[in-house]
Structures are given as C-alpha cells and as structure tokens.
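Working notes for the structure below.
The values are calculated or read from the model by the stated rules, or taken from the named source; none is laboratory data. Since this is a predicted model, take the numbers as computed values, not measurements. Note that each Cβ is placed from the backbone with ideal geometry, even for glycine, and that neighbours are counted across all protein chains shown.
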There are 2 protein chains.
Amino acid sequence: MNDKRDAGGLADNIKQSKAPAISRAAAILRLLGKHESPLGLQTIARELGLVPSTCLYALRALVAEELVAFDADTKRYSLDAGVLTLARQWLQRDQFTDLAQPVLDRLSREHEVTMLAVKCVGAEHIVVVGASRAGNTLQVSAQVGGRFPALISATGRCVAAYRNFDEAELRTRFDTLRWDNPPSFEDWYREVQETRSQGFAVDAGNYISGVTVVAAPVWLAPGKFSHALVALGLGSALQRRGLDGLSAGLVSAAEGLSQRFST
Amino acid sequence: MNDKRDAGGLADNIKQSKAPAISRAAAILRLLGKHESPLGLQTIARELGLVPSTCLYALRALVAEELVAFDADTKRYSLDAGVLTLARQWLQRDQFTDLAQPVLDRLSREHEVTMLAVKCVGAEHIVVVGASRAGNTLQVSAQVGGRFPALISATGRCVAAYRNFDEAELRTRFDTLRWDNPPSFEDWYREVQETRSQGFAVDAGNYISGVTVVAAPVWLAPGKFSHALVALGLGSALQRRGLDGLSAGLVSAAEGLSQRFST
DNA sequence: GAATTGTGTTCAATATATTGAATATGCTAG
DNA sequence: CTAGCATATTCAATATATTGAACACAATTC
C-alpha cells in the first residue's frame, strides 16, 4: 500500500518533469533508504515501476556519484556515504541549527525533557534538524532527519495556526492524519486558534499515548512560519512538574531565537 | 581552480553516463553544498558549465523531490532537508556505525583523544561516519560526513597497505597528495609496509603539523579493507602519554569489532 | 541432465530531454 | 526616464536517453 502511493507519486513526478531521470534517481535513493538490506536491480525496478535497463543506467550514474554503493559480488545496491556529505553541508549552512543547538541543550537540562528543533519542508512534512536528550532518565526520543506529517501533534497545531490554510483544506488534510487518540476536528480547530493567541501549542497524548508534546514557533522571517522548538516528555513526568514553566521557557527561548533572525 | 577540476569531472561523468541528468543533479547538489549562501540559476549553470534551461529543469526536479529548497522571493536555490533524511537512513543501515560508536566513546575517554570511525567510499575518498571527542581539553576534531583523500595521513597508509595497488599506481596517486610536511615516497612506502606487519598506521605530523593520527583497520569482510578506527591528538599531548598504549588499545578495539562481523 | 525461471546486461529504434535562440522581467546606471 | 545588462523563463528543433526485445549466465525445479 505504501508502494502504491510511492509509485503514484513517482509516476506523477516523472511524467510532469522535464528531467525525469532526476525523479527516478531520487525515488531510487529513497527506496534504498527505506529498506534495511541492499537491493538487486530487478527488485528496485519492479518496486518503482521502472524498466530494468533504465534503472541499471540510473544506478550506475548514482554509483559514479558515490551516492549509491554497489557490491560487485552480490550485485546489490545500497545508499553510500555521499548522502552523508550532502547532509552535513546542509546542516552547516542552516544557521538555525547552529543557533538552536545550545538552546536545546539548556532547555532539555533545565526541564528534563527531550528537545527538538524542527523545520517545515514542503507543505507536507516537518523534519527534525536538531535534538538534545536529557540525562539518564527514561525519555522518548526522535532522530535528527526524522520526518513527520505537517499537521500532526503540537507542531501540527502551530503549522495550522500560522500558515494560511482555509478551513476546508485544513479539514481534508486533518482527516488523513493518524493519531493514537484522535481529537475531533472541532476540538482540534479550537486548539489551533488558542495556539495563535497564546503563542505555543500542546498535544497531551493525542499523537502518541502517554507522550506530551509542546511546540513554539521560531520566526526566521516575519510572518513566514518555518521552524519551531519542540519539547517531548512522558505525560506523567511532565504533569508532576507542571506544564507552565516548560511552556514559558520554550516560548521565551523561541522568541529569543526569532529576534536573532530579525536583524 | 577548484571549479576547473569539478567541471572536468562533471563533464566526464556526464559524457560517459547513459543518465547524464543524474550526474548533473549530483553536481548541483554538491555545488549547493559547497557554498554557504543560496545560489541563483545563472550562477549554478555557469559554475557547472550547464545550459541555463537544462539547469532550470534539473533544479525544478530536485525541488519537487525536496532535495533542493527554492526561495520564490529571491529565486535562489539551496540544499533542502531531503538530504538529511537520506543520510539518516544510510547511517541507520550501516551496522558499523552502531557498533563502533560505543567503542569510540570508550577509547576517546580512556586515552583523551578525538576518535573517528571512517569508511572507504569509491577508490578516491574516505568519509568520517562516527566521532567522539574527549572532554574539555583542547582537541582537534573532524565532522561526521567529512571527506578526505584515500591515501592521506594514517588512514591513507592503511588504504595503501591493505588494498592491492601496484607500486606504480601508488606512486602517481601519492604525488597528488597535499601534506603539511610531505614525506618522501620511499619513506612513506616503507611505513606502508610496516603498517602491514604491525597492524596499524601512524602519521606524526605529516598531514597536519603538530597533529598525530593513528589508524587501525576494521574488517567487515575478510581481506576487503573498508573501515578503520582513527585516533587524533595534538602531537605534544600524545607524546607525553606515549603512543604505545593508544596503539594497542586501538588495535584490540578494531580486532574486536572485526570479529563481530566475521560471523 | 534438461527445462524453467530467475538474474544482470547489451543494443538499435524511437520517444523525448536537451538545447540555444527568443521573450519577459527586473535591476542599475547614465 | 531610458538604455543597457543582468536575470529567469519559454518553446520548437534535434541530439540522445529511454525503451523492450534479445542475450548470457546462474540457480532452481522437474
């Protein structure tokens, strides 16, 4: 079922683009990323709906660019280190990551939570670009590079609050989300509006049972929501300490970061 | 001068390949990675020797794949988060990284050095896939994702020792290397042979003045050199403690890792 | 041991991605 | 305000990347 959707999106991108080879390459990279073990030519071609020979040439090009590794013995392909090099360069260039890291470290220490820095990418997803876990206690965690649907959880309420969607579009996209404990659209929509007035959003176990998420927007450019600071904690632990201190700390840290970009 | 060399390599890859669009895409990604600030279409096209319209279509495809970000206001392109997602998947799939990390942490603590895990990629380069810095003292460091010429420094002596190059090829490639204090080929070649007999390599300030590098191979598959553990330290500090303990620790850790892959 | 089914790979025909000239638009300078 | 020179973008002609059939080879199955 996942494959179907991927194949559809791939077909679209390839058909529409004037450089379909690039879409094929990207699809191959993502496919190799998704699977734990190296894949053979036929498998890749079949799964993506590509002609084997075309796929072979694409793979050879990717191997030449050191983005894909080729095991000559088993004739299997997998991701190669080139993708890491690109990622490192991207992280270096993103000033947000550099400035946010010390803030994440401080907040995770002070409030004993897992802190994330996230960034919107496209209209569909947010990705984790920085993380800091608190010491030794049991903690939830998310990996740098992890991708989530744009409208899910606390960050989702921020996205909904600060990007200009009309209610109709918001509703259709809301219906595609998967929660452990789905809120009704009405409740959720009210919380989105609260987010706009209070400057941060909370998800108390909706997305993942037992996990509370708090998110506050960081403004790299005025009016354009793109980044946020996120705190993750086990609901029980957070309720014991109370959410107010954490929310206040998160919001003031986020505002501090925003100011450093407004110059 | 750097541009010249890149353009040459790019031209080669494009001409030879049956999927030149992919080589163009990779070149664009690397170019965007190299520059700190976002680039315009013309700049990219000029620097890579591409036709602007072709370049435009390539960029649009990359944007559609979320590998490149496009700022509609400034019409500038930069790397996007997609590259991070790929890198994370690659790191997850590579068992070496997982197994090596705790070893790196232990060695860096015990010997107060910066530890790296490196991997050969292609015949030309090694990349840093894991790192662990020792506490608070002044330390040299290298970033995960960093790329180095295959034959440079201590890791280079390992590559030369354990891959089967004939002496002629070794010599021509040796001549292209840049060292702070270049050794003569004869001295270097002798050290390569020592590496084979003693099981680890040392670079005492050749590559970077004042920095001592020790490297020991890790064998994921018997006879195929691909990975290594590397210790970095300021020469003065290392000489005070003596290199013997460090070398022994490094070699036994590397052998331990190798055994875990031999099953 | 022959037949079958799976690989990965090559190669000439053709659908199409690439090209370069033409267009639109914005910016700077006189 | 206009001229000049950037930029991004479009479009039809053509060079070529893609295709699918044919090939070689290995691993199963009968």
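Flag: B:Ala26 matches the condition of being assigned to a helix (DSSP H, G or I) and either modelled with pLDDT of 85 or more or facing another protein chain (nearest Cβ under 8 Å) (or both).
Tell me whether segment B:229-246 contains one or more residues that are surrounded by 17 or more Cβ atoms within 10 Å (Cβ to Cβ), within 14 Å of chain A (Cβ to nearest Cβ) and either free of Cβ contacts under 8 Å to residues at least 12 places away in the same chain or within 21 Å of the chain's Cα centre (by Cα) (or both). No: segment B:229-246 contains no residue that is surrounded by 17 or more Cβ atoms within 10 Å (Cβ to Cβ), within 14 Å of chain A (Cβ to nearest Cβ) and either free of Cβ contacts under 8 Å to residues at least 12 places away in the same chain or within 21 Å of the chain's Cα centre (by Cα) (or both). Look at A:Glu66 and say whether it is within 12 Å of chain B (Cβ to nearest Cβ), modelled with pLDDT under 85 and more than 12 Å from DNA strand D (Cβ to nearest atom). So A:Glu66 does not fit the description; no. For segment A:148-180, a residue qualifies if it is surrounded by 12 or more Cβ atoms within 10 Å (Cβ to Cβ), of a type outside the set (Gly, Ala, Ser) and not in a helix (DSSP H, G or I), and the qualifying residues are A:Phe148, A:Pro149, A:Leu151, A:Ile152, A:Arg163, A:Phe165, A:Leu177, A:Trp179.
Looking only at segment A:184-199, which residues are among the hydrophobic types (A, V, I, L, M, F, W, C) and farther than 11 Å from A:Gly156 by Cα? Before you say what the answer is, go through the steps one by one.
First, pick out the residues of segment A:184-199 that are among the hydrophobic types (A, V, I, L, M, F, W, C): A:185, A:188, A:192.
The answer is A:Phe185, and nothing else.
For B:Phe185, are the conditions met, namely being out of contact with any His (no Cβ under 9 Å at 6 or more places or on another chain), surrounded by 17 or more Cβ atoms within 10 Å (Cβ to Cβ) and of a type in the set (Phe, Trp, Tyr)? Spelling it out, it is not the case that B:Phe185 is out of contact with any His (no Cβ under 9 Å at 6 or more places or on another chain), surrounded by 17 or more Cβ atoms within 10 Å (Cβ to Cβ) and of a type in the set (Phe, Trp, Tyr). For segment B:29-55, the candidate set comprises residues that are among the basic types (Lys, Arg) and facing chain A (nearest Cβ under 8 Å); within that set, the residue that is nearest to A:Pro20 (Cα to Cα) is B:Arg30.
Flag: B:Ala221 does not match the condition of being buried (at least 17 other Cβ atoms within 10 Å of the Cβ) and either touching a residue at least 60 places away in the same chain (Cβ under 8 Å) or within 23 Å of B:Val127 (Cβ to Cβ) (or both).
Out of the residues in segment A:188-217 that are in a strand (DSSP E or B) and out of contact with any Phe, Trp or Tyr (no Cβ under 7 Å at 6 or more places or on another chain), state the one that is surrounded by the fewest Cβ atoms within 10 Å (Cβ to Cβ). Ranking the candidates gives A:Ala204 first.
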